[in-house]
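Have a look at the structure below, then the notes.
Here, each number is a calculation from the coordinates, and none is a lab measurement. On a predicted model such as this, the values are computed, not experimentally measured, just so you know. Cβ: placed from backbone, ideal geometry, glycine included. Neighbour counts: every protein chain shown.
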């Protein structure tokens, strides 16, 4: 039997942007499924266990399901557990993603990093969305879920060339197209799909290039001269999860301080 609360699955939500999205959606009234590759419910000082504890301390509810989105069986198990234990899925947030272990020039970069990033950042969310969408269509047909929604968290790297991390850029560009494809396909089922496109966000992933971006921000690379925060992205997902954008399927929500603007 399905729980009464709406259920949101946020992949890669043990830290960073995913953590903030999970916390915000819990405040919005969702039961949040916290997912990461290394999720361990017994550890509450960091990772998925810490996120679940933070949600519950704020009065929300959450579950933890370990899984690597790049692995087919993990994706299937993730959805099986949600179906068996919660009985519904109202919102999928494809957030899981990794950066290259080493930034390498496109003339020197190897296949191992390329395969890793494509597998986790593109193939994983693409096929997770395929399977989740089928489940959502069934839930809607049965009246269990009144309105399903899907969000893809991409990056300004989907349209901005960084020659020392081409694998990341290509994976994110592919994810932009994945969002467009699923928005087109799922329109007939009235399942809105949006792309949320963060700019430079202050997380562990960007900590290694802090000085570089501090300088670029000071020099005016973004109209709004500050770092983006994970909460900025979470608020965009929150608006979508509330239903504020239900007639905007295929929309791109830029959360980049105006980096998307063309200026002279």
Convex hull per residue volume in Å³, alpha carbons only, for region 178-227: 106 Å³
FRET efficiency, 1/(1 + (r/R0)^6) with R0 25 Å, evaluated for residue 189 and residue 115 via beta carbons: 0.15
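Report the full-extension gain for the segment residue 40 to residue 141: residue separation times 0.36 nm, less the Cα-Cα distance, to one decimal in nm. If you can, show how the numbers build up before the last one.
Values: separation 101, 0.36 × 101 = 36.36 nm, distance 3.43 nm.
Stretched fully, the residue 40-residue 141 segment lengthens by 32.9 nm.
Helix-only estimate, please: 222 nm mean residue ellipticity of the chain, summing -39500 (n - 2.57) across DSSP H runs of length 4 or more and dividing by its residues, to the nearest 500. Write down the numbers at each step before the final one.
On the way: 8 runs with 106 residues, N = 264.
Theoretical 222 nm ellipticity from helices: -13000 deg cm²/dmol.
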Using alpha-carbon coordinates, inclination of helix 230-242 to the longest axis of the chain, degrees: 40 degrees
Between 0 and 90°, nearest 10: helix 16-27 axis offset from the chain longest Cα axis: 40 degrees
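Grab the Cα-Cα distance for residue 127 and residue 212, subtract it from 0.36 nm times how many residues apart they are, and report the gain in nm with one decimal. All intermediate terms of the calculation are to be shown ahead of the outcome.
Working: separation 85, 0.36 × 85 = 30.60 nm, distance 3.49 nm.
Length gained, residue 127 through residue 212: 27.1 nm.
Could you sort the peptides 135-146, 61-72, 41-52, 13-24 by per-residue average Cβ neighbour count (10 Å cutoff), highest mean leading? Provide the component values of the computation, followed by the final result.
On the way: 135-146: 15.6, 61-72: 20.0, 41-52: 17.2, 13-24: 25.6.
Top to bottom by mean Cβ count within 10 Å: 13-24, 61-72, 41-52, 135-146.
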Pair residue 58, residue 84: separation of 7 Å Cα→Cβ label points (nm): 3.0 nm
Label corresponding to semi-axes √(5λ) of the Cα gyration tensor in Å when calculated from the structure given, among (1) 94, 24, 15; (2) 29, 20, 19; (3) 35, 20, 17: (2)
Ranked packing of 200-209, 104-113, most packed first, by mean Cβ within 10 Å: 200-209, 104-113
Candidates 247, 168, 30: whichever shows maximal mean-square fluctuation once the chain is modelled as a Gaussian network with Cα springs under 10 Å: 247
Rounded to 10°, Cα long-axis angle of helix 47-57 versus longest principal axis of the chain: 60 degrees
